[in-house]
Amino acid sequence: MSGFIVLALLFSANSTTHNPVRKQNIVFVGFRGAGKSKFGRAVALAAGLPFADLDAEVEFVLDEPIVDFVEKHGWQVFREVEQRVTHDFSRNFSGVIATGGGTIENSKNLQNLKKNSTFVFINPNFSAVKKHLIAEESKGRYQRVNPALPLAQELDQLWMQRKDIYSATADLEVTPDFNGNPEEEGKQILEQISKTNFPKIPPVKKIAIFSSRNGSTLQGILDAQKKGRIPNVELELFVTDKKDAGALKKAKGNFHRVEIFEQDKKMSREEYDRELMNLLRENKPDLILLAGWMRILSPLFCEQFGNQTYNVHPSLLPKFAGLMGDDVHRAVLDSEEKYTGCTIHRVSATVDTGETVLQRKVLIDEQDTIESLRKKVQKQEILGFCEALERR
Ligand code: GAR
């Protein structure tokens, strides 16, 4: 596969928003294995801020470990994907970001991240980091940059090449105990970070999720919560209208309340929705997310709960409004569009016309099929919901 095709497959443009919010970030930079993710996660947890590990976010988009991707396509293609993901997070995320060891060697990444971030250089004792990386070599977590050299020499070379970039760009340099307790170290680092330009702590949100299907987007939200991406979210209520929906298995054990609520043949749509609204009145979620909900909600529901109900539609509305699931992707492919994506919007009585919360784009390439498009769009649905959940 050529580099261009790989990029086309993976490209996802930044989200556009109808409600721009000022983004601030705390960005952890430093050598590979220095603990940027470990301490970054601890700082985010102590501060109540969303956390994003850029390497993990790149792997989410790639759908495979970075080592495997670099092995197949080389460093340059990887760096281009990393650049797109970094751009996306610098614009659409507000919290703590752990970069990869080489992220800020790319001047575009540096520029994008610097716009709205405090840089923290995580600089524990280099020999401890090096010893750790050599001991871990057999696990194959890191792709070699110069495999012709012994690892110790490669690490020394990389350190010499990068350390000045880390210290020159840092607003703060910290030397945590590499083998210390990350929670304690995290709290100490947090105390040293200036509160000027501190990211806004997202308000706590109790959410309900409705799904009729397999629950790919639901799974993404559950994973994002485990990764610390949406620390402000409480999973209050899950409802499915299909007792055999894959989403049900995923939801069990993760929500305070899980309900299977199938429509009785004698029930009208409005009667069904009245019961649904009773559930919402009991559990009082702040937001209701429709993640693969294949029912059209009645005007009564939309009138009372439409403003706090976000639907995800797998196209860039108003294009392909009124269709559902794979029918949308089929129509997109038939229309020979260059882009597709997803729209998160509030629900209103006229299907797929409620106020847009945000949209995220996906580039379509020649080899795309319904399956590949669905997969790419669903990744953007997950990122879009996370972004929407961060907002006030
Ligand atoms: C969702 O990801 C979303 O794109 C679409 O259905 C998918 C279901 O995925 N939603 C709609 O079309 C709503 N009009 P899943 O089967 O993995 O849950």
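Since every read-out is calculated from the coordinates, none of them should be taken as a lab result. Values in this document were obtained by computation on a predicted structure and should not be read as measured data. Don't worry about glycine lacking a Cβ; one is built from the backbone with ideal geometry, like all the others, and counts go over all protein chains shown.
Which lysines, on any chain, are close to Lys131 with Cα under 22 Å apart, when same-chain ones fewer than 8 places away are left out?
Lys36, Lys38, Lys139, Lys163
List the residues, sorted by chain then number, that are 5 or more residues from Phe178 or on another chain and whose placed amide H is less than 5 Å from its amide H.
Asn125
Grab the other residues whose beta carbon is less than 15 angstrom from that of Asp326, score K and R as +1, D and E as -1, and report the net. Don't skip to the answer; put the middle values down first.
Numbers: positive: Arg213, Arg330, Arg374, Lys375, Lys376; negative: Asp327, Asp334, Asp368, Glu371, Glu381.
In short, 0.
Grab the DSSP H runs of the chain that are 4 residues or longer, score each as -39,500 (n - 2.57), total them, divide by all residues and round the 222 nm result to the nearest 500 deg cm²/dmol.
On the way: 15 runs with 174 residues, N = 392.
Taking each H run of at least 4 residues, the total per residue is -13500 deg cm²/dmol.
For the range 197-277, run through the chymotrypsin sites (Phe, Trp or Tyr not before Pro) and keep only the ones in DSSP coil with at most 16 other Cβ atoms within 10 Å of their Cβ.
Numbers: sites: Phe210, Phe238, Phe255, Phe261, Tyr272; in loops: Phe255, Phe261.
Loop-located and lightly packed - Phe261.
Find, among the trypsin sites (Lys or Arg not before Pro) in the range 160-246, those assigned to loop by DSSP (not H, G, I, E, B) with at most 10 other beta-carbon atoms within 10 angstrom. Write down the numbers at each step before the final one.
On the way: sites: Arg162, Lys163, Lys187, Lys195, Lys200, Lys205, Lys206, Arg213, Lys226, Lys227, Arg229, Lys242, Lys243; in loops: Lys195, Lys200, Arg213, Arg229, Lys242, Lys243.
Sites meeting the loop and neighbour criteria: Lys195, Lys243.
For the range 316-332, just list the computed ³J(HN,Hα) in residue order, Karplus coefficients 6.51, -1.76 and 1.60, θ = phi - 60°, integers in Hz, with x standing in for Gly and Pro.
Working through the residues one at a time gives 8, 4, x, 5, 6, 5, x, 8, 9, x, 5, 4, 5, 5, 4, 5, 5 Hz.
With the calculation restricted to Cα positions, what are the radius of gyration and Dmax of the chain in angstrom?
Cα only, the chain: 22.4, 74 Å (Rg, Dmax).
Restricting the count to DSSP beta bridges whose residues both fall in the chain, what percent are antiparallel, rounded to a multiple of 5? Please list the in-between numbers first.
Numbers: 14 of 46 bridges.
Among the beta bridges of the chain, antiparallel pairing accounts for roughly 30 percent.
Would you mind checking which residues have amide H under 5 Å from Val258's amide H? H placed 1.01 Å from N; only 5 or more apart, or other chain.
Amide H neighbours of Val258, under 5 Å, 5+ apart: Phe238.
Which trypsin sites (Lys or Arg not before Pro) does the range 286-385 hold that lie in a coil by DSSP with at most 13 other beta carbons within 10 Å? Write out the running numbers ahead of the final one.
Details: sites: Arg295, Lys319, Arg330, Lys338, Arg346, Arg360, Lys361, Arg374, Lys375, Lys376, Lys379; in loops: Arg295, Lys319, Lys338.
In loop regions of the range 286-385 (DSSP not H, G, I, E or B), the sparsely surrounded trypsin sites (Lys or Arg not before Pro) are Lys338.
If I take R0 = 35 Å and measure r between the Cβ atoms of Ala331 and Asp223 in this structure, what FRET efficiency does the formula 1/(1 + (r/R0)^6) give, to the nearest 0.05?
On the way: r = 29 Å, r/R0 = 0.83.
E between Ala331 and Asp223, to the nearest 0.05, is 0.75.
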